[in-house]
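A quick write-up on the structure given underneath.
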Amino acid sequence: MANTDLDSVEQYDAIGTSPDRSDAKSKATGRAVFIEDMHFRGMLYGKVLRSKFAHARILSIDTARAEKMPGVRGVVTGADIPVLHGEALKDDCFLARDKVRYRGEGVAAVAAVDEETAEEALSLIDVCYEELPAVFDPEEAIKPEAPLIHEQLGAYRHAPGIEPISGTNICNYFHLEKGDVDKGFAEADLIIEDKFTTGMQQHCTLETHCGICLIDDDNRLTLWATNDSPYRTRKEIADALKIPQINVRVICAPYIGGNFGGKGGLKAEAAAIALAWKIRNKPIRVLFTREEEFTSAIVRHPSVIYLKTGVKKDGAITARAVRMYFATGAYAEKGPTITRFGGVSGAGPYNIPNVKIEASCVYTNRQLSGAMRGYSGPQAAWAYESHMDNVACKLGIDPLEFRLRHVYTDGDTHASGQEIYSEGLKECLEKIGERMEWGKKSLGRNRGKGVACMERAVKTPFGSAAFVKVNEDGTVDLLSSTTEVGQGADTVLCQIVAEELGVPFDWVKKATPDTSTTPYDTSTTSSRSTFHMGNAAKAAAADAKGQILKLAAELLKTNADDLAIKGGNVYLKDNGGSSLSIAQVLGKHFGHSATVLGRGFYYPHLEVPVEYFSTHMIFWLLGAHGVEVEVNRQTGEVKILKVYAAMDVGKALHPSNCTAQLEGGVSMGLGFALYENFIFRGGDFLNPSLLDYKIPTALEMPEIEPIIVECAHEEGPYGAKGIGETTNVSLPPALANAIYDAVGVRIHELPITPEKILYALKQVSEKKTQQRADADPATVGNPFGGKK
Amino acid sequence: MSEACKTAFGEGPKAQIIAGGTDILPALKYRLKTPGILIDISSVPDLDTITYSEQEGLTVGALVTLRRLAAHKDVREKYPLLTQAALSVGSAQLQAMGTIGGNLCQDACCIYYNLPSVSRQGLDPCFKLGGGRCHAVQGSKICHATYSGDMAPALLALRACVTIADGTGENTIPLNELYSGRGEAPHVLEPGRILKGIQVPPPFHNVGIYVKMRIRKSIDYPLLGVAVNLLPNGKDGALKDILVGLTGVEKSPLLITPPDEIKDTYELEKQTEIMAQAARSKAHPIANTSGYSPRYRREMVSVYVRQGVLQALEIAAGRG
């Protein structure tokens, strides 16, 4: 789909430039205000008592001793707030009721005059448990004999399109079929099957979760939060407490210290709300410790994925069947929609005539899995992209060539049935191939190259609104509920308003989200803000501009169509000479009490009926990685020589921020690929700290070549799509494919550790030795593969 | 110093010594240790000096930070092994705060012990917490917490000694005698005895290297640390002498001295293999880290010793 707007050679003032981010200075100088800097008179501090069992019935909770402790202002348990909350499936309690379903679940909370007192009081709460059998593995959890984690699953309220299976641990089952897979497999010359698994990953944002809640006697609730999505949170709270949305005000802290999907839903907020529900008229703060981030916030869904592909000898893919299990932990959280997204893209961004995908979201007795950068993309891509190389290898076809042959291009039909448009994935792969000198330059012994690509849906269809408020002096406030979580949204949205309205970038300031003042936005997630809120902000700016031009036209006795605004001045298009500043236009009309209000709302309209989350998307996040590695055959260690990271962003509105996203994604992708791992023994979790949970440091960062691909989207602001969500997604399989290219071992389970490589190398060489010994009994093999 | 020793003696186990604080503060935060008082020795005079002479070798005060030690001209020139080991400790921030004395006295680590208090709830107290079991080696009668300092293997391989003050006087012992072999209390210093300084004998054409296995290039404790100190230029390119220090694989740091058979061998490869196997046989890593399996770590001991010898010889060759 061509964007006619973009075919013109229009010069932009703010778009496509990289001004200093609007948050850069305040963050670099330490002046930026985060929620921990916010203090209220009489504020109480809450702490949460957490379950020590993975699955247990709560027989009794005795809070009497804790309540009597000096400094304690109240203790709350699940019985005090007997309601359920959740996004797509309402199964979660504010504090556990009747039973606990994971180790680390909140059982009771204390509010006190300071954190130390609250923490000490926790030790005075006596809880009697009856331990129940627990289940941790998703494939174990779907067996008929597995302990049931939610007996009431069938009774929970849920969004349309979500299919919980009552009497099982499956809280959503998603399936999708295109063509006839049985026929496709029957036509195949070769069928290749693989199984891949991924583990947990935590966001490890610099700032931990926090909520400050105040509820008055009239059930009016105010929540100050680090939450990424104030309106979604407001709805979740109002639905749960059965109070009107107008009674719930969610105010975001000016800055949120990192998100990556982790700051959605009710986490620390849940405990703060539970306490405030009981202890009225006092702001109560709950701030998670780093340990709680690991045990009681959310993680990325562990997954088990089976792939089966049928191919012709010439490399044509005839069919693909995918079976996916996402372990969502003790409560559904965003599991049902993650499963849906993972399912839609489960077969990969490839034009395959016959596809069958089944994806199950499975409860286990672990901490909650939820949204995390990529939102099932990393799990799905790890499987389908490792599998693609495996299939290419079995066919003896170059893996990049194999991908280029099958990858979606405009006009293809997606597995979901949607016609593909604005697809820049092929260009991502081609550019990476060029930069890597694919097929030309060899890297030498024990070195290899790998590529992988990915697609991921943007959540569709969801709306965003914005107001543009033009001040007396011509400066502009942008009222939008998109949260600045470090991704750069404030800057990009201000750029859009500046461009559309014709004012300098630094005249525009975005307001801090507050549901009582900034207008509706569904969420700052899914890399949707630049596109959706960008469109809303652009429309609001255009509306304001239209009003200003109309006023100016009256003053200049001309038509508004003949006027334009640039640099904050209104001028006649064909005669640049005479001009009026925006302030003059307003002043001449209204004296000293002038304003212009622009409004914008964007909602993507699709041609298919939608019940909740569509399987047809307004755009796809598309990208690819190339990796060059060297493997040490003695130790199994991998040295990354270089990473190539490409994404189709539609149009780079702020190129240096796009590059930063590409680089940051490499760090998170590397962590998932090589280092990060939750260590469990039974129900116990052994590495809840940044010392023992290994996120990459600056020293782990390899050389990165960022590649921005711009395949403009007709409906995107200036052609832009999104980027931040998926810059990590295809890195792990690209790395695994490079390792295979270097030393011939295929790793199926993340993370890829040196010992997995070493023992896989030994297996390969033992197999070779055996083959050689079978052929020639006199041959003696060297355990490292015969070469030294 | 005598005031510090006497106070520590008087307070007994209630007191903990603090210098740079990089080892004790996380333990306090996790409530692994709940001392009644902390004795801050950072104001004790003359404990932050480094002196070197060709006759006496190197003397380092206990309060010298790792970063200062690493950067000292004589250390860089005469004992590059120490510079290298010091720069491999934790991160730059930890090196800037952490002292050499504190590093040698650092507590042993175990993934079942070094847990924040909430996550420890589900586990019965282990030996190291005063309880009656070891979670890492189930059924064991002793604590298996692993000594994980980076400086000790390097200093052991350099045959260093340490001076201990007790308030009335001081005595000097070989470094390996500082270690108890007990996971719950890895060094032998009783309350009232404080590590004062380290002496390293003069270098003698030896070459050293420290190779550290860890998941990340920064922050992490060693999953295995191998210090190799060797004397090259023996007959036919063989080694004249070699010492190997190990960390991260036992309850104490280990000094591996050459077995007798090595002296009868004039082949470098054989000598290396003998040392590699000697080191491997002494290493008993267990599943108590956030890193790799004991099987892999043990296998890597010999690989790392071989690597260390090769790298040290390269340095020697480069030095001419």
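None of the figures in this text is laboratory data; all of them are computed from the coordinates on show. Given the structure is predicted, the values throughout are model-derived calculations rather than measurements. Backbone-built Cβ (ideal geometry, glycine too); neighbour counts: all protein chains shown.
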Exercise for review: Please give the calculated 222 nm ellipticity per residue for chain A, where each DSSP H segment of at least 4 residues contributes -39500 (n - 2.57) and the sum is spread over every residue; nearest 500 deg cm²/dmol?
Suggested key: -8000 deg cm²/dmol
Review point. Any idea how far apart residue A:705 and residue A:220 come out in nm if each label point goes 7 Å out from Cα toward Cβ?
Key: 6.0
Point to revise | Given A:278/A:510; A:431/A:651; A:235/A:278; A:242/A:334; A:47/A:99; A:767/B:270, the pairs whose alpha carbons are separated by over 24 Å | key: A:278/A:510; A:767/B:270
Check your understanding: In whole Hz, what ³J(HN,Hα) sequence does region A:460-465 give by Karplus (6.51, -1.76, 1.60; θ = phi - 60°), x for Gly and Pro?
Key -> 9, x, 9, x, 9, 10
Exercise for review: Provide the net charge surrounding residue A:261, with neighbours chosen by a C-beta distance below 9 Å and charges set as Lys +1, Arg +1, Asp -1, Glu -1.
Suggested key: +2
Revision key, fill the gap. Working note, region A:1-134: Cα radius of gyration (Å, one decimal) and Dmax (Å, whole number) are 24.3, 74
**Study point:** Per principal axis, descending, Cα span of region B:66-187 in whole Å
**Key:** 50, 35, 26
Exercise for review: Estimate the FRET efficiency between residue A:41 and residue A:413 by the formula 1/(1 + (r/R0)^6), using the beta-carbon distance for r and 56 Å for R0, to the nearest 0.05.
Suggested key: 0.40
**Study point:** Whole-Hz ³J(HN,Hα) from phi, Karplus 6.51 cos²θ - 1.76 cosθ + 1.60, for region B:8-14, glycine and proline x
**Key:** 4, 5, x, 7, x, x, 5
Exercise for review: Rank the residues B:18, A:739 as a footprinting-exposure proxy: fewest other Cβ atoms within 10 Å of their Cβ go first.
Suggested key: B:18, A:739
Practice item. With θ set to phi - 60°, apply the Karplus curve 6.51 cos²θ - 1.76 cosθ + 1.60 along region A:596-613 and write out the HN-Hα couplings as whole Hz, x wherever there is a Gly or Pro. Key: 10, 10, x, 10, x, 9, 10, 9, x, 9, 10, 8, 10, x, 10, 8, 8, 8
Check your understanding: Taking the Cβ of residue A:477 as the center, what net charge do the other residues with Cβ under 11 Å away carry, scoring Lys and Arg +1 and Asp and Glu -1?
Key -> +3
Check your understanding: Going 7 Å from the Cα of residue B:3 toward and past its Cβ, which residues in region B:17-32 have a backbone nitrogen under 16 Å from where you end up?
Key -> B:18
Practice item. Would you kindly state how much longer the chain becomes between residue A:148 and residue A:69 on full extension, computed as 0.36 nm times their sequence separation minus their alpha carbon distance, in nm to one decimal? Key: 24.6 nm
Exercise for review: Compute the separation of the alpha-carbon centres of region A:421-498 and region A:281-315 and state it in Å as a whole number.
Suggested key: 22
Review point. Tell me, in nm to one decimal, what length is gained between residue A:195 and residue A:517 on full extension, where the rule is 0.36 nm per residue of separation less the Cα-Cα distance?
Key: 110.9 nm
Revision key, fill the gap. On the formula 1/(1 + (r/R0)^6), with r taken between the Cβ atoms of residue A:473 and residue A:639 and R0 of 35 Å, the FRET efficiency rounded to 0.05 is 0.05
Practice item. Kindly provide the Kirkwood hydrodynamic radius of chain A in Å, to one decimal, from all pairs of distinct alpha carbon atoms. Key: 27.8
Practice item. Add +1 for every Lys or Arg and -1 for every Asp or Glu among the other residues with Cβ under 12 Å from the Cβ of residue A:193, and state the total. Key: +4
Check your understanding: Taking amide H positions as placed 1.01 Å from N in the peptide plane, with prolines and chain starts having none, which residues 5 or more places from residue B:79, or on another chain, fall under 5 Å of its amide H?
Key -> none
Revision key, fill the gap. Distance in nm between residue B:240 and residue A:177 label points, each 7 Å along Cα→Cβ, equals 8.1
Revision key, fill the gap. Cα gyration tensor of region A:102-209 diagonalised, 5x eigenvalues square-rooted, in angstrom largest first, produces semi-axes 43, 20, 16
Practice item. Taking the Cβ of each residue in A:364, A:753 as the centre, tally the other Cβ atoms inside 10 Å and list the residues starting with the fewest. Key: A:753, A:364
Review point. Size of the dipole of chain A about the Cα centre, Lys and Arg at +1 and Asp and Glu at -1 on the beta carbon, nothing else charged, in debye to 20?
Key: 920
Revision key, fill the gap. Residues whose built amide H sits under 5 Å from the amide H of residue B:159, excluding neighbours closer than 5 in sequence, are none
Practice item. Treat the count of other C-beta atoms within 10 Å as a stand-in for reagent exposure and order A:292, A:703, A:333 from fewest to most. Key: A:703, A:292, A:333
Check your understanding: When only alpha-carbon atoms count, how far does region B:172-290 stretch along each of its three principal axes, as whole angstroms with the largest first?
Key -> 50, 35, 27
**Study point:** Per-pair calculated FRET efficiency, R0 = 45 Å: residue A:405 and residue B:25 via Cβ, rounded to 0.05
**Key:** 0.20
Check your understanding: So what is the 222 nm mean residue ellipticity for chain B from helices alone, if each DSSP H run of at least 4 adds -39500 (n - 2.57) and you divide by all residues, rounding to the nearest 500 deg cm²/dmol?
Key -> -8500 deg cm²/dmol
Review point. At q = 0.18, 0.20 Å⁻¹, what base-10 log of I(q)/I(0) does the Debye formula yield for region A:474-525 when every alpha carbon is treated as an equal point scatterer in vacuo?
Key: -0.55, -0.67
Check your understanding: Anyone know which of B:298, B:31, B:159 comes out most mobile in the 10 Å Cα GNM of chain B?
Key -> B:31
